[in-house]
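The values are calculated or read from the model by the stated rules, or taken from the named source; none is laboratory data. Everything numeric in this text was worked out from a predicted model, so none of it was measured. Using ideal geometry, Cβ is built from the backbone for each residue, glycine included, and neighbour counts are taken over all protein chains shown.
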Amino acid sequence: MAEKFDPKEHQHTRYNPLKDEWVLVSPHRMKRPWKGQVEKKPTEDTPRHDPKNPLCPRATRAHGDVNPDYARTFVFENDFPALLQAGAPEPSPSEHPLFQSAPAIGSCQVMCFHPWSDITLPLMSLTEIKAVVDKWAEMTSDLGSKFKWVQIFENKGAVMGCSNPHPHCQVWGSNFMPNEPRIKDRTQREYYKTHGTPMLVEYAKMEAEKKERIVVENDTWLAVVPYWAMWPFETMLLPRRHVLRLPDLTDEERNGLADIIKRLCIKYDNLFETSFPYSMGWHGAPTGESLNEDNSHWQLHALYFPPLLRSATVRKFMVGYEMMAQAQRDLTAEQAAERLRNLPDVHYKGTVNE
């Protein structure tokens with residue numbers, strides 16, 4: 001009799017319809033004795049206020065600007081932006097299709113979540129997180145009136161390249177569609193044309209029914225480990241109704257989002273009892289001239305990509321096969337979701353800024 005396939009034991013591939021790519025799942029590798037490179041556990045002795053920290057209230061930044069004594073969120077233009085709004089000459093037209101270039105114009109802004117450097121989103125109050133959500137929506141509207149794409153992203157933790165422990169994110173507006181959303185625009189458009197419903201709206205409904213990969217949920221949002229997840233404890237935030245962009249969220253949905261972010265990040269921190277590192281970002285319908293176009297195929301969503309695999313000091317690297325062939329993971333999406341879901345809802349530090 002042939003052995004029955006067990007996704008928790010047997011290698012297989014899973015399709016990511018958003019990226020039009022596959023991921024190799026190898027759950028049997030969790031049994032191997034080698035546990036991966038051991039990283040130094042991050043210290044948690046960040047001072048609440050450091051006058052030399054350029055993100056703190058009242059601190060002086062690189063070019064001499066002094067931050068206000070802000071109490072909630074604070075936004076400023078990045079002192080060393082990757083994109084400038086003007087000033088660079090346009091590239092010369094290419095004489096060959098193999099050597100193409102195009103103008104890149106934009107704005108790079110930094111958004112501080114809170115005046116304290118020793119606090120993170122799971123330790124902030126729901127009111128404080130709601131203020132972050134509202135500011136995300138406001139900045140999307142502002143930059144979206146000028147630029148084709150608005151990218152909100154947060155790099156948390158030194159292992160994710162974050163050079164400053166102060167709670168913050170970045171918001172970039174650009175006159176072009178970056179690669180990741182450009183691919184998602186195509187795949188969602190094709191799915192909508194074929195099936196008559198937005199891909200991620202249908203996906204959220206199916207995940208809500210199955211319950212296998214849900215980590216936390218409420219009346220307006222789901223946080224799931226995607227079926228096609230690439231990173232060990234990757235998650236996706238999805239609204240329950242069809243929403244194109246952050247500014248389109250109702251006040252109830254913004255409160256629900258604050259609740260989901262807090263609960264998910266508490267689960268993350270509790271997993272290895274450390275301030276969990278990740279890269280997070282929002283994807284929604286394009287802006288600029290696209291505000292006047294039909295983008296019904298889009299669904300707003302956020303992605304969390306955490307690198308930790310087995311402990312606070314063992315991370316997942318995307319190298320070798322991942323760089324040259326396709327993504328590979330050991331833990332199944334269902335196993336990752338179950339581990340996160342079963343963690344306590346109270347932060348391991350036992351203190352919350354309410």
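Would a scan of segment 171-194 turn up a residue that is β-branched (Val, Ile, Thr), touching a Leu at 6+ places or on another chain (Cβ under 9 Å) and closer than 15 Å to His242 by Cα? Talk me through it step by step, then tell me what you get.
Taking segment 171-194 and keeping what is β-branched (Val, Ile, Thr), we get 171, 183, 187, 194.
From what's left, touching a Leu at 6+ places or on another chain (Cβ under 9 Å): 171, 183, 187.
Remaining after also requiring closer than 15 Å to His242 by Cα: none.
No, the conditions are met nowhere in segment 171-194.
So which residues in segment 77-106 are under 30 Å from Ile129 (Cα atoms) and either acidic (Asp, Glu) or in contact with an Asp or Glu (Cβ under 7 Å, 6 or more places away or on another chain) (or both)? Outline the logic, then answer.
We begin by selecting, within segment 77-106, every residue under 30 Å from Ile129 (Cα atoms); these are 77-85, 106.
Matches in segment 77-106: Glu77, Asp79.
If I go through segment 105-145 residue by residue, how many of them are without any contact (Cβ under 8 Å) to a residue 60 or more places away in the chain and under 17 Å from the mean Cα position of the chain (by Cα)?
Looking only at that region, the number is 2.
If you check Ala102 against the conditions, is it over 30 Å from Lys267 (Cα atoms), in a loop (DSSP other than H, G, I, E, B), in contact (Cβ under 8 Å) with a residue 40 or more places away in the chain and not charged (D, E, K, R)? Spell out the reasoning first.
On the way: over 30 Å from Lys267 (Cα atoms): yes; in a loop (DSSP other than H, G, I, E, B): yes; in contact (Cβ under 8 Å) with a residue 40 or more places away in the chain: yes; not charged (D, E, K, R): yes.
For Ala102, the condition - over 30 Å from Lys267 (Cα atoms), in a loop (DSSP other than H, G, I, E, B), in contact (Cβ under 8 Å) with a residue 40 or more places away in the chain and not charged (D, E, K, R) - is met.
Which of (1) farther than 20 Å from Leu222 by Cβ; (2) over 17 Å from the mean Cα position of the chain (by Cα); (3) not β-branched (Val, Ile, Thr) is the odd one out, the single condition Pro277 does not satisfy?
(2)
Just to verify a result, which residue in segment 86-96, among those that are surrounded by fewer than 10 Cβ atoms within 10 Å (Cβ to Cβ), at pLDDT below 90 and not hydroxyl-bearing (Ser, Thr, Tyr), is nearest to Gln170 (Cα to Cα)? Step through it out loud before you land on a result.
Just the residues of segment 86-96 that are surrounded by fewer than 10 Cβ atoms within 10 Å (Cβ to Cβ), to begin with: 86-87, 89, 92-93, 95-96.
Narrowing further to those that are at pLDDT below 90: 86-87, 89, 92-93, 95.
Narrowing the set further to residues that are not hydroxyl-bearing (Ser, Thr, Tyr) leaves 86-87, 89, 93, 95.
On the way: Ala86: 20, Gly87: 22, Pro89: 25, Pro93: 32, Glu95: 36 Å.
Only one residue tops the list, namely Ala86.
Among the residues of segment 60-79, is there at least one that is among the hydrophobic types (A, V, I, L, M, F, W, C), surrounded by 11 or more Cβ atoms within 10 Å (Cβ to Cβ), free of Cβ contacts under 8 Å to residues at least 24 places away in the same chain and part of a loop (DSSP other than H, G, I, E, B)? Even if it seems obvious, please write down each step before you answer.
Let us first name the residues in segment 60-79 that are among the hydrophobic types (A, V, I, L, M, F, W, C), namely 62, 66, 71, 74-76.
Subset that is surrounded by 11 or more Cβ atoms within 10 Å (Cβ to Cβ): 71, 74-76.
Filter once more, keeping what is free of Cβ contacts under 8 Å to residues at least 24 places away in the same chain: none.
Checking segment 60-79: not a single residue is among the hydrophobic types (A, V, I, L, M, F, W, C), surrounded by 11 or more Cβ atoms within 10 Å (Cβ to Cβ), free of Cβ contacts under 8 Å to residues at least 24 places away in the same chain and part of a loop (DSSP other than H, G, I, E, B).
Val319 fails exactly one of the following numbered conditions: (1) of a type outside the set (Ser, Thr, Tyr); (2) under 19 Å from the mean Cα position of the chain (by Cα); (3) assigned to a loop (DSSP other than H, G, I, E, B). What is the number of that condition?
Exception for Val319: condition (2).
Can Val201 be described as under 21 Å from Arg189 (Cβ atoms), touching a residue at least 60 places away in the same chain (Cβ under 8 Å) and either among the β-branched types (Val, Ile, Thr) or in a strand (DSSP E or B) (or both)? Outline the logic, then answer.
Details: under 21 Å from Arg189 (Cβ atoms): yes; touching a residue at least 60 places away in the same chain (Cβ under 8 Å): yes; either among the β-branched types (Val, Ile, Thr) or in a strand (DSSP E or B) (or both): yes.
Answer is yes for this residue.
What number of residues within segment 113-162 satisfy the criterion of being closer than 30 Å to Val314 by Cα, touching a Leu at 6+ places or on another chain (Cβ under 9 Å) and part of a strand (DSSP E or B)?
Final tally of qualifying residues: 3.
Provide a single number: the residues in segment 182-219 that are touching a strand residue (DSSP E or B) at 6+ places or on another chain (Cβ under 7 Å), surrounded by 21 or more Cβ atoms within 10 Å (Cβ to Cβ) and not acidic (Asp, Glu).
Here the count works out to 6.
Is it true that some residue in segment 139-157 is in contact with a Lys or Arg (Cβ under 9 Å, 6 or more places away or on another chain) and of a type in the set (D, E, K, R)?
No - not one qualifying residue is present in segment 139-157.
Going by the structure shown, is Glu354 at pLDDT below 95, of a type outside the set (S, T, N, Q) and farther than 17 Å from Val25 by Cα? Steps first, answer last, please.
Numbers: at pLDDT below 95: yes; of a type outside the set (S, T, N, Q): yes; farther than 17 Å from Val25 by Cα: yes.
Considered against the rule, which asks whether it is at pLDDT below 95, of a type outside the set (S, T, N, Q) and farther than 17 Å from Val25 by Cα, Glu354 comes out as yes.
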